[in-house]
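The values are calculated or read from the model by the stated rules, or taken from the named source; none is laboratory data. Keep in mind that what you see is a predicted model, and the values were worked out from it rather than measured. Because the Cβ atoms are built from the backbone with ideal geometry, glycine has one as well, and the counts that use them run over all protein chains shown. These area figures cover heavy atoms from the full protein model, side chains too; ligands, DNA and RNA do not enter into them. Shrake-Rupley method; radii C 1.70, N 1.55, O 1.52, S 1.80 Å.
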Amino acid sequence: MTGGRVSVRPVLGRSLLVGAAVCLVVASCSFSPAPKAYAASKAVREQGAAVFHEKGCEHCHGIDGVGTDKGPDLSGVGRHLHKPEIAKQIHDGGKEMPAFGDALTNDEVQQLVEYLAAKKKKIKKSATPAVPGSER
C-alpha cells in the first residue's frame, strides 16, 4: 500500500496462480485413460461361448459346460462364483484345473468370464438311452 491505495498486483498474481493450479488439476483428471470396461452384453457372452469351444474348454467341461469325467459341470457356475473368482480360476488354475493365463488373452478371459457368469441354471444331464429290446 502506498499512499492509501491498495495494490492490485499481489491479488491478481494470487488469483492467476490459483486459476492455473485448478486448470492443471482438471486437465490431469480429464485426460487420464479410463480402465477398459466390459458390458455383459449378449455379444460378449456369445464371444465367450466361441472361445469356450475354440480353445478346447469342452474337452474337460463338455459341450455347454455340463461336465465330464475330466472336468466339473459349469452349467450353474454363475450362481456359485462371482466374476473375479471365475477369472482367477481361469487365469491361475487350481482345484485340478491347469492355469490358462498364459494361453489366453485378457479379452478372451473376460469373454469367458461373461459367458460363464451368465450360466445360472444347471442343465440336467440326459440319461443314457436304453437300447431297444434290452428290458426283460
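Annotations
- Projecting label points 7 angstrom from Cα along Cα→Cβ for Glu46 and Glu85 puts them 3.0 nm apart.
- Heavy-atom accessible area with a 1.4 Å probe sorts Phe100, Phe52, largest first, into Phe100, Phe52.
- Taking Cβ atoms as reference points and 14 Å as the exclusive limit, the residues near Ile86 contribute a net charge of +3, counting Lys and Arg as +1 and Asp and Glu as -1.
- Residue order for Ser75, Ser41 - accessible surface, 1.4 angstrom probe, largest first: Ser41, Ser75
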